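For reference, the structure discussed in these notes is given below.
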Amino acid sequence: MMAVEQSAENEKEAGEVDSELLRPSRRGLFGLLGAGAAGLALGGGGGAALASHLAGGSEAPDSGSVPFHGAHQAGIVTPAQDRLHFAAFDMVSGSGREELIALLRDWTSAAERLVRGQEVGTGIEPSNALLPPDDTGEATGLGAGHLTLTFGLGRRLFTGREGASDPDDPFGLRSRLPRAFEPLPSFAFDLLDATQSGGDLCVQACADDPQIAVHAIRNLARIAVGRAHLSWSQLGFGRTASTSRRQDTPRNLFGFKDGTANVMAEDTASLEQHIWAGAEAPEWMRGGSYLVARKIQMTIESWDRASLDEQERIIGRTKREGGPLSGGAEFDQPDFEAAVPAGDTEEPMIDVAAHVRLAHPDHNGGARMLRRGYNYVDGSNGLGQLGAGLFFISFQRDPETFVRVQRSLKPDLLNEYIRHIGSGLWAIPAGVQPGGFIAQALFE
């Protein structure tokens, strides 16, 4: 699913945190061996005032920082930054409810510091030089970089692992599973790689500087030692969607403007209707959302050999201006009834299988989502073909919204040039309040 056409009160930050919370425990250090060192390695793979305003808060953050606390998690309606490091974690076998809560508390303490551009724990200089530093140090001096950290919970935390005995409920959450939190079905043309899909937890780190985003995930992974391990991650660059009207519409690696009609941070009514979970959700989930991630590989070399006319017919928009082929400028509503004379019949200006038509809310019962995707390049193969594409991320009130739109794209002309190779779905709890921790209401 490429360019899906989709047109928080913040509190003062918490104070300094206890560095002992951020230092792996003795049990955690020994757990490194059980979890596997490879699993803990990093996988392959507007301004601050505006950010605070769009999040619904009155706090004036330090230059370059986005408030962590609020009614909703940052990194959703926050003006999309240019860099991404997305990570999925699995809980270590044998871990239970206490370990999960402790991890979320420790992650919260670290996140409160990271988004302010501060080092975690005692920083890069421990009191005893024979000990490893609490912070890995590669982002020291770089500032906050508008870093946002968005945390999600996988369905398996609620349902237990496949093949486990029926009473298996290690985190005591089965009764708290939201009705809407159903697994994504298999879609046409899926070629999913299990090593780039799913996860018990996810963290979306977005920033202006890639090193800041990588630093955040690296330190959260170290803090998780013995309780959870990093199962896969993905670096992204060049946002492929705008989340504020103050941002220009970006282009994807096919060279087309992407997400022209995305739900924007300024669309308060649309956010309430389409993005934030409401009264239909369990109380702990209200004010949260659902994150869908899809790794979509582009067959770049084939696309580059297609004519401009063919490329524009597939997308349904002009390549330079991004306007609909039915006429007008980028933000004009596509006219799906407009036709151009072609002999004895009239052909639609926008092809019946064009991406714009099939993904548009008018053809999906008004379904809309907020997109925060990124381009990626994972190198090239021996034939010189780029391993490149779109790391698609969307937020929606109900996962069924994504399912509906994705099923509509089955006849999409674009399918000839893309391959869905990774997938995941996570529940994104509401925002964290000062003194609280991620998903605290889930455990109360």
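So here's what we get for this one:
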| read-out | value |
| --- | --- |
| Positive-pole candidate from Pro126, Gly137, Leu192, dipole of the stretch 98-196, charges at beta carbon | Leu192 |
| From phi via Karplus (6.51, -1.76, 1.60), per-residue ³J(HN,Hα) for the stretch 385-402 in Hz, x at Gly/Pro | 8, 6, x, 9, x, 10, 8, 6, 10, 9, 10, 8, 5, 9, x, 4, 4, 4 |
| Net charge over other residues, Cβ less than 11 angstrom from the Cβ of Asp200 (K, R count +1; D, E count -1) | +3 |
| Under-5 Å amide H pairs with Gly422, H placed in peptide plane, nonlocal only | Asp193, Lys295 |
| Kirkwood-based Rg to Rh ratio, the stretch 94-141, C-alpha trace | 1.07 |
| Cβ charges +1 (Lys, Arg) and -1 (Asp, Glu), total dipole of the stretch 273-374, debye | 760 |
| Whole-Hz ³J(HN,Hα) from phi, Karplus 6.51 cos²θ - 1.76 cosθ + 1.60, for the stretch 436-442, glycine and proline x | x, 9, 3, 6, 4, 4, 4 |
| Percent breakdown of C-alpha pair distances by 10 Å bin, ordered from the shortest bin, for the stretch 238-288 | 25, 36, 26, 13, 1 |
| Cα centre as origin, Lys/Arg/Asp/Glu Cβ charges: the stretch 335-444 dipole, Debye | 600 |
| Length-normalised contact order of the stretch 347-444 in % [C-alpha pairs under 8 Å, at least 6 apart] | 26 |
| Over the stretch 180-281: Kirkwood hydrodynamic radius from C-alpha pairwise inverse distances, Å | 17.2 |
| Coil-residue GluC sites (Glu not before Pro) of the stretch 232-314, DSSP, other Cβ within 10 Å capped at 16 | Glu266, Glu280 |
| Around Arg320: net Lys/Arg minus Asp/Glu count, Cβ-Cβ under 13 Å | +1 |
| Residue-count net charge about Arg286 - beta-carbon cut-off 11 Å; Lys, Arg +1, Asp, Glu -1 | -1 |
| Tail fraction, Cα-Cα pairs, the stretch 270-340, threshold 16 Å, whole percent | 68 |
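Each value in this text was obtained by applying a stated rule to the coordinates, not by laboratory testing. Keep in mind that this is a model prediction, so the values were computed, not measured. Neighbour counts are summed over all protein chains in view; Cβ atoms, including those assigned to glycine, are modelled from backbone coordinates with ideal geometry.
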